[in-house]
1. What residues have an amide H closer than 5 Å to that of residue 43, excluding those fewer than 5 places away on the same chain, when H is modeled at 1.01 Å from N in the peptide plane?
2. Tell me, what HN-Hα J-couplings in whole Hz come from the Karplus equation 6.51 cos²θ - 1.76 cosθ + 1.60 at θ = phi - 60° for each residue of the stretch 139-150, using x for Gly and Pro?
3. How much space per residue, in cubic angstrom, does the convex hull of the C-alpha atoms of the stretch 48-117 take up?
4. Length gain on complete extension for the stretch residue 107 to residue 147, per 0.36 nm per residue less the alpha carbon to alpha carbon distance?
5. Using 7 Å Cα-to-Cβ label points, what is the residue 132/residue 93 separation (nm, one decimal)?
6. Report the Cα centroid-to-centroid distance between the stretch 57-84 and the stretch 134-150 in angstrom, as an integer.
7. Treating only the Cα positions of the stretch 89-148 as identical point scatterers, give the base-10 log of I(q)/I(0) from the Debye formula at each q in 0.24, 0.27 Å⁻¹.
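What follows is calculated from the coordinates using simple rules that are stated; it is not laboratory data. Predicted, not measured: the structure shown is a model, and the values here were computed from it. We place every Cβ from the backbone using ideal geometry, glycine too, and count neighbours over all the protein chains shown.
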Amino acid sequence: CCRARRSSNLADGNCSESCDEAVDMCTAYDGEGASCDDGDDCTADSCAAGRWASAAEAPGTACADAVCDGAGSCVECVDDGQCGGDTPRCDPATNACVACLEVGDCDDGDPCTVDACDAKDGCYAVPDRNATCDDDNPCTANDACNASGICTGARIPGCCRFDGECDD
């Protein structure tokens, strides 16, 4: 798009694209140099092929107030069904879509980590050296979680899981 400038008429003026040669990208702006962004978090605005367009974001897309409704409006969520993606839970205290509400939302399935929830930043896990684990390897013993949150065991001498693993 940077090889040519295109224009089209809008209700409030002219929408064109200017070229940023350094990154070979176009920026939508009106005839006065202002962005063609309508300021609505729930619409994706563009100026392409000589025409300005504004399309509704998918339902559940996070926005300033809570969640996009799929029709171009940002609304407060009332249940998890309105949320999705990286913010699948509706916080009843704020009516905003969040990554998690409780630790149970954050099970990574790793016995060597302690799962945690931060509504703003989402789920995270911290290694737990004191947790018990099984590395599912019949040729190891004394399995334990290491400082990196990985279950490892001590190799049992002479134990072979499959043919060719051990020297005969």
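1. Under 5 Å from the amide H of residue 43 lie the amide H atoms of 57, each far enough along the sequence or on another chain.
2. Karplus values, whole Hz, x for Gly and Pro: 9, 10, 9, 6, 4, 8, 7, 8, 5, 8, x, 10.
3. Numbers: hull volume 8.0 nm³, N = 70.
Considering the Cα atoms of the stretch 48-117, their hull volume per residue is 114 Å³.
4. On the way: separation 40, 0.36 × 40 = 14.40 nm, distance 1.90 nm.
Result for the pair: 12.5 nm of gain on full extension.
5. So the two model labels end up 3.5 nm from each other.
6. 43 Å
7. -0.91, -1.04
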